[in-house]
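Right, one structure below, let's go through it.
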Amino acid sequence: MTPLSSLRKWTESQKFGIPIKTVFKIEQISYCSLFNELLEEVDTDFVIDLFGDDYLLQSHISKCVQRINSDQDAYFVFSDAKIVQLDGKEHGFYERNEFGILINKVLKADLYS
């Protein structure tokens with residue numbers, strides 16, 4: 001069994017009845033190009049952009065859907081990430097103070113105009 005066929009078999013076994021689509025590319029293209037290409041192919045209300053090492057907290061999806069549904073002009077929801085280093089140290093992507101409050105607030109804005 002090739003690595004690619006093993007990966008396809010494993011991803012099929014992880015769907016648990018959820019309509020998840022996986023795409024395997026042979027050629028390398030930039031992440032943004034790939035994201036835009038695949039975004040054009042979907043016909044759904046919501047898309048979750050995950051990497052192979054991403055993990056979603058239990059309530060994350062419902063909170064994001066609630067947030068995006070609360071604003072008729074919202075099309076994207078971004079959130080912080082917990083980054084775990086090889087030595088076990090953890091930090092977020094966005095800088096926070098000792099109380100966990102964001103130092104620089106992430107603005108709600110028209111980022112894609």
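The values are calculated or read from the model by the stated rules, or taken from the named source; none is laboratory data. The structure displayed is predicted, hence computed values, not measured ones. Cβ coordinates were reconstructed from backbone atoms using ideal geometry, including for glycine residues, and neighbour counts include every protein chain displayed.
For the stretch 41-53, does any single residue satisfy the condition of being farther than 23 Å from I83 by Cα, surrounded by 10 or more Cβ atoms within 10 Å (Cβ to Cβ) and without any contact (Cβ under 8 Å) to a residue 24 or more places away in the chain?
The answer is yes; a qualifying residue exists.
For the stretch 59-75: of the residues being in a loop (DSSP other than H, G, I, E, B) and under 22 Å from F93 (Cβ atoms), which is modelled with the highest pLDDT?
Looking at the filtered set, the residue picked out is S59.
If I ask for residues that are part of a loop (DSSP other than H, G, I, E, B) and either charged (D, E, K, R) or touching a helix residue (DSSP H, G or I) at 6+ places or on another chain (Cβ under 6 Å) (or both), which ones from the stretch 10-22 would you list?
The answer is K15, K21, T22.
Answer yes or no: is there a residue in the stretch 41-56 that is more than 27 Å from G92 (Cα to Cα) and within 14 Å of the chain's Cα centre (by Cα).
no
Which one of L7, L50, L38 is out of contact with any helix residue (DSSP H, G or I) (no Cβ under 7 Å at 6 or more places or on another chain) and either closer than 30 Å to N104 by Cβ or of a type in the set (D, E, K, R) (or both)?
So the residue among L7, L50, L38 that is out of contact with any helix residue (DSSP H, G or I) (no Cβ under 7 Å at 6 or more places or on another chain) and either closer than 30 Å to N104 by Cβ or of a type in the set (D, E, K, R) (or both) is L50.
Condition (residue is exposed (fewer than 10 other Cβ atoms within 10 Å of the Cβ), under 17 Å from the mean Cα position of the chain (by Cα) and β-branched (V, I, T)) applied to the stretch 7-20: is it met by at least one residue?
Scanning the stretch 7-20 turns up at least one residue that is exposed (fewer than 10 other Cβ atoms within 10 Å of the Cβ), under 17 Å from the mean Cα position of the chain (by Cα) and β-branched (V, I, T).
Out of the stretch 73-92, which residues are closer than 13 Å to D45 by Cα and loosely packed, with under 11 Cβ neighbours inside 10 Å?
Once the filter is applied, which keeps residues that are closer than 13 Å to D45 by Cα and loosely packed, with under 11 Cβ neighbours inside 10 Å, the stretch 73-92 yields Y75, F76.
Between L56, L34, L38, which is part of a loop (DSSP other than H, G, I, E, B), surrounded by 11 or more Cβ atoms within 10 Å (Cβ to Cβ) and at negative phi?
L56
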